[in-house]
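So the structure is just underneath, and the comments pick up after that.
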Amino acid sequence: MAKFVISRRKFLTSASLGVSGIMLSGCDAFDSQLRVGDGLRSFLEGANGLTWRAQRLLAGDSLAPEFTEADIRQPQRPNGVTAPDDDVYKGLLANNFADWRLEVSGLVEKPLSLTREQLMNMPSRTQITRHDCVEGWSCIAKWTGTPLSLVLDQAVVKPQARYVMFHCLDTIDRSLSGDIKYYGSIDLIDARHPQTILAYGLNGKPLPVENGAPLRVRVERQIGYKMPKYLRKIELVDGFATIGGGRGGYWEDNGYDWYGGI
Amino acid sequence: MESVARSQSAIEPDTAAPKDATLIYRQSRWTRLTHWLWAISLFFMLLSGLQIFNARPQLYIGKESGFAYDNTIFAIGAENTANGPRGYTEIFGKRFDTTGVLGWSGPAGRETSRAFPSWATIPSYYDLGTARVVHFFFAWILTTTLVVWLVASLINGHLRRDLAPRIDDLRRLPRDIADHARFKFRHRREYNTLQKMAYGGVMFVLLPLMIITGLAMSPSMNAVLPFLNDLLGGRQTARTIHFIVMLLLVAFFIIHILMIFAAGPINELRSIITGWYRTDPPAHGSKTPQRSA
């Protein structure tokens, strides 16, 4: 029994030494295990897939909460790039986007090239929703736009398509191989959700530059970084391994989860 | 540590050990396993949570964050003063200088503007994306553990036997408070009233509230449970409650550790690792009679 107690004591001593060792190193020990691509991190990221499936199962095609005019108490707070410095974009803006087109390509039967007027002539949807930034803040605003499902129907999505990839006009980052334009993706369930719109109007006015003019995506059941601004092209794909860093979007390639429902 | 161990073995003659009536099996394997899973997941959730908070070190009341109006009740930040940059913490508009810990911290000469200091966050450098990965992984572990514990405790009687409040508990409360205040502990199989309140409060109030307010911040869950934010007072209020409950859990942790040290760390740790707990020897007509269980 005495031996038994001592071994337990030894265990407790070494356990507390181990724990305090971790504490003393200030958790710097974890830092090196948590970079994108590391084994431990990839394991932890598995939880995001679980969240995605669980929320899909629970949410079905339920709608995000909508608010009233009285809840709009301030302008929509812009975030990320708010004034693209790209020559192509500035040229389009100077002409009030008359030369701008939305390309719809990839795994579709009928590739499209739509003007802003063509989009605005399609049936529209207006919704007062809350924008939740990944940083933690929220802002309520009224968005008007064309349901993405109508555009997808017009282009006739091929059965093997699984994701909608958004390509944007704004440079979000620079790398050795050149400027990186913002890009991001959602699955076809969110793409066909009734509240997923290609917004050209904000709070009853044309969409301002800082909020993504001429066109931005609203994916109301996800976090803000999943709603690209300054849209240029919609590409239907069966996977995104070959696009950017292969994780489905600019922020995803920088360590953010692909599914932003939480 | 060594002296504690020696004095303990002095009152524990080896001959008495195997049939020692004072050594009882107090914590089931389910209680022990879930306890440590919580300890690990709460540790990671706290540190990754503080990192997430650092991305927006303000708390608001309502459905949204006020930018054109003020609904901020708490903020941590940094400002330039005549004495150089200072960190501040603002609670209901009242500002406190918290340089070195909150707002402005880091190694001497290399301080940076960050709400919670590097040593309190995972990762130690600013990385919101990674903190979210860690936070949500352990959110699954924590929630699953809570469900497992609840089912196991219903089946093995832990809830009914150890945690369910009784009339007696209320009667004992004043004396229990007095005992705790004097660091006078009775080592018995049963939890005392304050223990029941603390453990019950964490299991049935704080942790569920943490999970509920966490879910209320998820845009997808808002579509599933739209009433949740109406009930809580809006997403930003839910975020504020999430933060306050975090503070309460940290307070619980500090008291929990203090009480373990005060009541005898070896015995307390043994019971939560092996299940075996040494109770006080039966009183032999002493002046402090044992209270009935």
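Between the beta carbons of A:Ile180 and A:Asp38, assuming R0 = 22 Å, the FRET efficiency works out to 0.45 to the nearest 0.05. For chain B, the Cβ-based charge dipole about the Cα centre amounts to some 780 debye (Lys, Arg positive; Asp, Glu negative; other atoms uncharged). Under the membrane-span-like helix rule (DSSP H runs whose alpha carbons stretch at least 24 Å along the helix axis, mean Kyte-Doolittle hydropathy 1.6 or higher), chain B yields B:235-263. The relative contact order of chain B comes to 24 percent, based on Cα pairs under 8 Å that sit 6 or more residues apart. Does the stretch A:65-253 classify as rounded, prolate or oblate by the C-alpha gyration tensor (a ≥ b ≥ c root eigenvalues; a/c under 1.5 gives rounded; else a/b over b/c gives prolate, otherwise oblate)? It is rounded, given that a/c, with a ≥ b ≥ c, falls under 1.5. Note on B:Leu163 and B:Ile272: the model spin-label points, each 7 Å out from Cα along the C-beta direction, lie 1.5 nm apart. Ordering B:Glu79, B:Glu268, A:Glu252 by the number of other Cβ atoms within 10 Å of each residue's own Cβ, fewest first, gives B:Glu79, B:Glu268, A:Glu252. For A:Asp187 and A:Asn96, a Förster radius of 45 Å and the Cβ-Cβ distance give a FRET efficiency of 0.85, rounded to the nearest 0.05. Shielding by partners for peptide B:120-131, expressed as the average number of C-beta atoms from other protein chains within 10 Å of each residue's C-beta, is 5.
Need one number: nm distance between label points at B:Ile260 and A:Val88, each 7 Å from Cα along Cα→Cβ, rounded to one decimal. For the pair B:Ile260/A:Val88, the computed spacing is 5.8 nm.
A Förster radius of 22 Å, combined with the Cβ-Cβ distance separating B:Ala181 from B:Phe252, puts the computed FRET efficiency at roughly 0.80. Peptide B:67-75 has a mean of 2 when you count, residue by residue, the C-beta atoms of other protein chains within 10 Å of its C-beta.
Residues B:His180, A:His131 in ascending order of nearby Cβ atoms (within 10 Å, fewest first): B:His180, A:His131. Computed about its Cα centre, the charge dipole of the stretch A:111-208 is approximately 240 debye, with only Lys, Arg, Asp and Glu carrying charge at their Cβ. With a threshold of 23 Å on the Cα-Cα distance, the over-threshold entries among A:Lys233/B:Lys63; A:Lys110/A:Lys226; A:Lys181/A:Lys205; A:Lys205/A:Lys229 are A:Lys233/B:Lys63; A:Lys110/A:Lys226; A:Lys181/A:Lys205.
Each stretch of four or more DSSP H residues adds -39500 (n - 2.57); spread over every residue of chain B, this sum gives -16500 deg cm²/dmol at 222 nm.
For the residues of A:57-68, the average number of beta carbons from a partner chain within 10 Å of their own beta carbon is 4. When each of B:His135, B:His256 is scored by the number of other beta-carbon atoms lying within 10 Å, the sequence from fewest to most is B:His256, B:His135.
Values in this text are rule-based calculations from the coordinates and carry no lab data. All figures in this text were calculated on a predicted structure; none of them were measured in a lab. Cβ sites come from the backbone with ideal geometry, for glycine too, and all protein chains shown count toward neighbours.
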